[in-house]
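Remarks on the structure that follows.
The values are calculated or read from the model by the stated rules, or taken from the named source; none is laboratory data. Since this is a predicted model, take the numbers as computed values, not measurements. Note: ideal-geometry Cβ built from the backbone for every residue, glycine included; neighbour counts use all protein chains shown. Only protein heavy atoms, including side chains, enter the accessible area calculation; ligands, DNA and RNA are left aside. Shrake-Rupley method; radii C 1.70, N 1.55, O 1.52, S 1.80 Å.
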Amino acid sequence: MIRLIGISKSFGEKRVLSGVNLELPAGRVTALTGKSGSGKTTLSRILLGLEKPDGGRIEGVSGLKTAAVFQEDRLIEGWSALDNLRLIGISKEEAARHLAALGLGGDWDERAQKLSGGMRRRLALARAMAAGAELIVLDEPMTGLDEGNRRLAADYVRARRGSAAVLVISHDPEDLALLDAGNVFSLDDCENS
């Protein structure tokens with residue numbers, strides 16, 4: 001179990017998070033919702049160790065392998081889809097299986113810069129899910145996907161989450177249902193101001 005206890009964060013005079021408590025059970029998908037500017041991405045960056053909180057603590061994350069899909073796909077533009085996925089240290093054959101599972105079977109050698117937005121998003125999702133992480137953060141993972149690919153991506157995440165604690169940030173209740181988010185936490189319900 002990963003616990004965020006009393007997490008607070010301000011940027012200058014603007015308080016973004018105030019005393020946030022959140023539990024992320026292993027093997028489950030937890031949803032983080034809230035209006036724009038409520039601190040969802042900031043909280044995920046704190047969880048991943050990319051940002052330091054002003055107050056509070058995180059338990060259960062030390063030493064865990066982490067992976068993430070950020071709002072931007074963060075691909076290596078000049079590399080092929082296959083090489084972008086192999087960056088995490090998996091074999092060519094395993095990378096090919098992940099790409100095929102997300103409907104990218106015929107685009108392995110295509111450079112990332114030439115892929116459509118939806119293809120890029122699925123590639124970023126494959127890279128996060130194939131990393132064997134114990135904590136996976138997915139920030140708006142279905143952005144740019146049509147209905148069929150949203151379902152394909154959700155099936156892929158559910159099938160491969162294993163025992164990882166998964167935090168999904170999304171505004172879309174349908175996406176959260178597709179991803180089988182058992183626990184929904186809204187930052188709108190917190191004391192944030």
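Some values worked out for this structure:
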{"quantity": "Residues located in segment 52-76, provided they are at pLDDT 95 or above, among the charged types (D, E, K, R) and in a loop (DSSP other than H, G, I, E, B)", "calculated": "K52, D54, K65"}
{"quantity": "Residues within segment 29-44 that are modelled with pLDDT of 95 or more and surrounded by fewer than 18 Cβ atoms within 10 Å (Cβ to Cβ), tallied", "calculated": "0"}
{"quantity": "Verdict on L85 being within 21 Å of E134 (Cβ to Cβ), at pLDDT 95 or above and in a helix (DSSP H, G or I)", "calculated": "no"}
{"quantity": "Residue within segment 54-68 that is surrounded by 20 or more Cβ atoms within 10 Å (Cβ to Cβ) and under 30 Å from D146 (Cβ atoms) present", "calculated": "yes"}
{"quantity": "Members of segment 138-166 found to be buried (at least 23 other Cβ atoms within 10 Å of the Cβ), closer than 24 Å to S80 by Cβ and small (G, A, S), listed by number", "calculated": "A153"}
{"quantity": "Of the criteria (1) in contact with a Leu (Cβ under 8 Å, 6 or more places away or on another chain); (2) open to solvent by less than 50 Å² (accessible area, probe 1.4 Å); (3) over 18 Å from L32 (Cα atoms), which one I169 fails", "calculated": "(3)"}
{"quantity": "Every residue from segment 81-137 that is open to solvent by 50 Å² or more (accessible area, probe 1.4 Å), touching a residue at least 60 places away in the same chain (Cβ under 8 Å) and of a type outside the set (G, A, S)", "calculated": "E134"}
{"quantity": "Scope segment 24-51; condition in contact (Cβ under 8 Å) with a residue 60 or more places away in the chain and not in a loop (DSSP other than H, G, I, E, B); matching residues", "calculated": "L24, V29, T30, A31, L32, T33, K40, T41, L43, S44, L47"}
{"quantity": "Residue in segment 81-92 that is within 15 Å of L167 (Cβ to Cβ) and hydroxyl-bearing (S, T, Y) present", "calculated": "no"}
